[in-house]
Amino acid sequence: LIEQPATVNAGADQAVCSTTNSITVTGARGGSATSSTWSTSGTGSFAAPSSLTTTYTFSAADKTAGIVTLTLTTNDPAGPCLAASDGLLVTISPAATVNAGADQEICSTAALVNLTGSIGGGASFSSWTTSGSGAFADAANPVTTYTPSGADITAGTVTLTLTTNNPAGPCPAASDAMVLTINRQATANAGQ
């Protein structure tokens, strides 16, 4: 009697962004295998570890590590054939982060405003844009200055937005905005 070996396929490797909390995995088994169980190299959890199709929820440690292997292992069938296992690799890319800084308020007589933005995660560079027509000293630097234009001063407010690059992998670019309020200088006239 020739026994059929157990076969298993955990599915294709996946790449996700660290903002993703869970993924669906779909495995397959065959041959003499009658059951299977999912396991992880990380510390996340499966919704139904004995189901071929299930959801895996990432732990904070999984996201920090940036990689986790999910393995589907069959039962050990009767006879001389052994259990079979197959793994799929999940790469977890860091999301781009950005902070344009707190909203600011200045007087219309101020020549410029200091901007203290920051980027992190998967972001490697950024750029500032304005809803107005003023000028940045260095729009590619998160920490720079902005000189309001006459139109900005007339409008009284301008939104300054810091946007990251689109990092390699599945994570998108990120942006954050701050509102600059420009108060008109008070004037007085005592008359003659």
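The values are calculated or read from the model by the stated rules, or taken from the named source; none is laboratory data. From a predicted model like this one, the values you see are computed outputs, not experimental measurements. Glycine gets a Cβ as well: all are built from the backbone with ideal geometry, and neighbour counts include every protein chain shown. We work out accessible area using only protein heavy atoms, side chains counted, and drop any ligands, DNA or RNA first. Shrake-Rupley method; radii C 1.70, N 1.55, O 1.52, S 1.80 Å.
Any chance you could list P(r) for segment 1-134, counting all Cα-Cα pairs in 10 angstrom bins from zero, rounded to whole %?
That works out to 11, 29, 19, 14, 11, 8, 5, 2, 1, 0, in percent per bin.
Please pull out the direction-averaged projected area of segment 57-124, using the convex hull of its alpha-carbon atoms, in nm² to one decimal place.
7.4
I'd like the Karplus ³J(HN,Hα) series for segment 16-27: coefficients 6.51, -1.76, 1.60, θ = phi - 60°, whole numbers in Hz, and an x wherever there's a Gly or Pro.
Computed from phi, the couplings for segment 16-27 are 9, 8, 5, 7, 7, 8, 7, 9, 9, 10, 10, x Hz.
State in Å² the accessible area per residue of the chain; use a 1.4 Å probe, count heavy atoms of protein chains only, and round to the nearest integer.
Ligands and nucleic acids excluded, the figure is 52 Å² per residue.
For the modelled label position 7 Å from the Cα of Asp103 along Cα-to-Cβ, which residues of segment 151-181 have backbone nitrogen atoms closer than 13 Å?
Hits in segment 151-181 for Asp103 at 13 Å: 157-160, 177-181.
Using alpha carbon coordinates only, what is the Rg to Rh ratio of segment 56-192, with Rh defined as the Kirkwood radius?
Details: Rg = 26.0 Å, Rh = 18.8 Å.
With Rh from the inverse mean 1/r over Cα pairs, Rg/Rh is 1.38.
Just to confirm my numbers, what's the Cα centroid distance between segment 137-190 and segment 61-84 in Å?
Distance between centres, Cα-based: 51 Å.
Which residues among segment 59-88 fall inside the zone where the amide N is under 15 Å from a point 7 Å beyond the Cα of Ala12, along Cα→Cβ?
Under cut-off, by backbone N: 88.
How many nm is it between the label spots at Asp76 and Ser175, if each spot is 7 Å from the Cα in line with the beta carbon?
About 5.9 nm, to one decimal.
How compact is segment 99-139 by the rule of thumb for globular proteins, expressed as Cα Rg over 2.2 N^0.38 Å?
Dividing the Cα radius of gyration by 2.2 N^0.38 Å gives 1.34.
Quick one: plug the Kirkwood hydrodynamic radius of segment 22-76 (C-alpha pairs) into Stokes-Einstein at 25 °C, 0.890 mPa s, and report D in µm²/s.
For the chosen part, D equals 211 µm²/s.
Give the residues of segment 4-47 whose amide nitrogen is closer than 19 Å to a point set 7 Å from the Cα of Thr69 in the direction of its Cβ.
7-16, 25-28, 37-46
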